[in-house]
Structure formats: structure tokens, C-alpha cells
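Down below is the structure, laid out as C-alpha cells.
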Amino acid sequence: MRKFSAVINSTARAALLFVCLSVAVAQAQQTQPAAPETPATRRVAELVKIINTTDAAATKRFIEENYGGEFAQMPVSAHLNFIAQVRDRTRGVEFHGIQDSKGATEATALLRAKLTDDWMGLMVSVEANAPNRITGIGMRPPKAPAAATERAAKTLTDAERARELEAYVQKLTEADVFSGAVLLAKDGKILFEKAYGEASKDFRVPNRVDTKFNLGSMNKMFTAVAVAQLVERGKLSFEDPLAKFLPEFPSKEAAQKIKIKHLLTHTSGLGSYFNRKFMESSRARFRTVSDMMTLAEGETLAFEPGTKWAYSNTGMLVLGAVIEKVTGQSYFDYVRENIYKPAGMTNTDAYELDLVTPNLAVGYQKEFNEDGTTRFRNNVFQHVIRGGPAGGGYSTVGDLLKFDTALRANKLVGAEYVRQLISAKPELSSPQYGYGFGVDTKRRIVGHSGGFAGISSNLDMFLDSGYTAIVMSNYGGGSQPVSRRIQELLLGGQ
């Protein structure tokens, strides 16, 4: 459903701030079999020592002396920030051996976080020739010891799951690496719901369970449901070409090739309208779908529709324009009347942030300075002034549960259309994504996540058991470890 690994290179600076650190927890203290020493295993051991040091000068010196290739061309501050992020979220790591090795130039260490006992895999690649400087670092899925992966989560009662979850999130909150709200439910009945941290650091306002958090990309689910409703009502078809509604976008030729189903699955070949023009413009200019569409002018297809998968904010934005064309309503009015209202979602909308909206959380990103100090920066001037079809709206953990309940009960669209929404589309080169929903086919989890500086939200719908897990955080990356822990509590080492 999501990609849990990222190689840090010159094209992936954003991953430094949003890398997922937390993974399955375990009880047994076992180690991996010894691996032959290679330049890569030696470097990964050195990096672990650096992660565990609090000496900022030593960390900077290590980076300057031991990073090479394109990797070394990134700003030292970005590398420092990554290491500081790992250190901050783990409070140091224990080395449990080498879990994977690819020749002499790549090795992945199995580590365990001291703060939470979470397992993690840390990959390091190096140059083939001496002095074998580091050319890449990334997080990998951990291969935890058998005793850990066989943990019998299914024997836990729901009350025990709730207690373990509460203790886990409390640890993260006390370490100031989580702020937000968490909800766990089964068959629509709430088992655990609690808020942590502050909605406003300036005024020391605490988060509440009904605090509105930014959804990030989770709005894509609402856009997809809206399209499915219109298909069900005979207003359009998943097979319709975009040219039927927007004949000139992005060009006449491309509009004939792109189908509605391609836009829904990120296989259209379109990119992201959060481009340089957006970054250099006043956010106040973009309040309607038409306003946002001006940012996508001039886009070209990166590949033939249906042949590849590439996450596309523009694709979902275009679906918003299609909804407006078909219904004669604004996108915002349509989803408010046809999704939020029937689901009972009274605290969800794409609020305009220069208007007063009560109980709205401010997003914060922790920054790490070269001298070892930290500070928080809010995201007020970084994000959109109003969300849209691709993301950026606001909701609460309670409202997202209402959305989940209404969708599963076929109150928003019929059962056949729900199935189409939450089914992967490998025939469209989309094996882990349906129509606006991420799909974990192995573990039978569907939903969506959302992330940006100061934004981290996630909805997991466990199809076989009826559980729903919702985590919303106003810290960048904050929801990820909590969502992972819930998955482990429900599914064990699957």
C-alpha cells in the first residue's frame, strides 16, 4: 500500500524528513547470523555509532569525510537532519546484525530502537573502490527474529490491544515525536480514542479527539468515491476518455489517451501541480479547482497511460474538474453534499485557512540544527491555503471513522462500486492501488495516508476483521510508527 523503503540521493531530499522509522515491535532479544565483513558492513557499523552519538561536531565530520559521489553533493545540513531524525525518533539504536548483503558494496543492518523496541532495517551502499565512501542510505523492511514475527497478536483481547497502544503512543509523546489523535475501532465501535500533544504551540492549546487535522493526500479517497457515485448514476464511465470532459487538457492528443480509470489509479502519466510556479506564487491565488488547474498548464505525459504507475496529484485534481463539469457544481459543494453529509462528517471540509475555523491544528516540523539543538517550524506558509481534490483538507479521527463505516455499509456507493474502489488494478500497472485507495493485497488492508511538513495522517481499513485504525498527527511523519504498531497488534508478524 505504501513504499516503506527509500534510498537517499540527490533526488530524494524530502524523504529525509518523512522516512518511516518504526516497524514491528518484538519481545525476544535475538541476533542475526554473523555476516562476512565487507566495506559496506564496516560502513553500516560506523553509521550506527554515529546515530548513537550526541556529538554534533563528530557527526558533521563523519559526513564530510565519508560520504561520496552524488550523495555527497547534497547539503551537509540535509544529511545531518536525517541522522538527527533517526536519533530523535529512536533515542539510539541497538545493532542486531546484518540482515542482508549485496556483495561488498551494500549491506542492511537489523536495528532496534531504544525508545520503543521497534525493529528497523538500515541500508548503506558504498563505492566499489577504497576508501569505499558512502553513496546511499535508506530504510528497509526489517527481518526481525522469528520469535518476534511469530508474536501471537491474535491472542490479545481488544482491551489488551488498547492498553498496549496507549502505552506505546505515550512513550512517543513524552519523547515529543508524536502529537495528534489516535482511534482504533472494530465494526464501527470505538475501542480506543485519545489525543496527545498541542494543536497550537504558540498558545499551548492541547489537541483533542475532535481536533481537525490536515488530511494531506487522504482527500483522494473522497474524490474517488465522488467519481464512483457519478459512474453509478450513469453520469460518466471509468472507461471515458478525458477528452469527453476536458478536450484540451493537457493537449488534444493526450486527452484522448487518458481515461478516467487512469486518473484514479495514478497511471495517467501526469505529474504534480505542486511545482515551481506554486512555490513562487501566493497561496491565496489558489482557492478553486479552476485556480489550481492553472498550475498544471503545460504538463506533458511522462509515459503512455496505463503502462506505468507514478503518483500524480495533477491526476486527482483533474478528476475534481471532471466532477464539476459533470455535475455543474463546485467540487467542494458536491463532496460536502454527497459524501460528508450522508456519512455524518460534520467536522470535515477543505477549509480556507485565512478564515476562522475553530479547533484546527497547526502543523509543525522539527528541525535539527548543526550545533545539535532543535526547534519547531510551523507549516503555515508552506502548504496550501485551501485543500482540493488531491489533498489538503481537514478532518477528525471521528469523522474518518464515519466515512469508513458509511463506505463499508454501502451508504455512499453500492457494494460493486466499493469493491472496485478498494481493489488493486494490476491490469493498469497499479498492483498496490485501486481507485483512490491504497491496497495491501497480502494483509487485506485498504485506505490512504497523507504527508507533508507538519502533516501525517493515515486510515487503515482491515477488511477481514472489521477493524479500523486512524492516526492523525500535526508532526511530519508522526502517524507512521503508530500505524505500524497498530498493524502489528492486529496482525502480528504478517
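The values are calculated or read from the model by the stated rules, or taken from the named source; none is laboratory data. Remember, predicted model here, so these are calculated numbers, not experimental data. Every residue, glycine among them, receives a Cβ derived from its backbone with ideal geometry; neighbour counts consider all protein chains shown.
If you go through the range 290-306 and pick out every residue that is within 15 Å of residue 242 (Cβ to Cβ), touching a Gly at 6+ places or on another chain (Cβ under 8 Å) and surrounded by 16 or more Cβ atoms within 10 Å (Cβ to Cβ), you end up with 3. Scanning the range 335-362 for residues that are assigned to a loop (DSSP other than H, G, I, E, B), over 24 Å from the mean Cα position of the chain (by Cα) and in contact (Cβ under 8 Å) with a residue 60 or more places away in the chain, we see that the one that is nearest to residue 397 (Cα to Cα) is 344.
Residue 231 satisfies every condition listed in (1) buried (at least 24 other Cβ atoms within 10 Å of the Cβ); (2) under 15 Å from residue 420 (Cα atoms) except (1).
Of all residues in the range 319-334, those that are outside any loop (DSSP other than H, G, I, E, B) and small (Gly, Ala, Ser) total 2. Quick check: anything in the range 258-272 part of a helix (DSSP H, G or I), at pLDDT below 95, over 30 Å from residue 167 (Cα atoms) and in contact with a helix residue (DSSP H, G or I) (Cβ under 7 Å, 6 or more places away or on another chain)? Within the range 258-272, none of the residues are part of a helix (DSSP H, G or I), at pLDDT below 95, over 30 Å from residue 167 (Cα atoms) and in contact with a helix residue (DSSP H, G or I) (Cβ under 7 Å, 6 or more places away or on another chain). Out of all the residues in the range 373-391, is one or more in a helix (DSSP H, G or I), surrounded by 14 or more Cβ atoms within 10 Å (Cβ to Cβ) and either touching a Phe, Trp or Tyr at 6+ places or on another chain (Cβ under 9 Å) or not assigned by TED's automatic domain parsing to the domain that holds residue 272 (or both)? No, because not a single residue in the range 373-391 is in a helix (DSSP H, G or I), surrounded by 14 or more Cβ atoms within 10 Å (Cβ to Cβ) and either touching a Phe, Trp or Tyr at 6+ places or on another chain (Cβ under 9 Å) or not assigned by TED's automatic domain parsing to the domain that holds residue 272 (or both).
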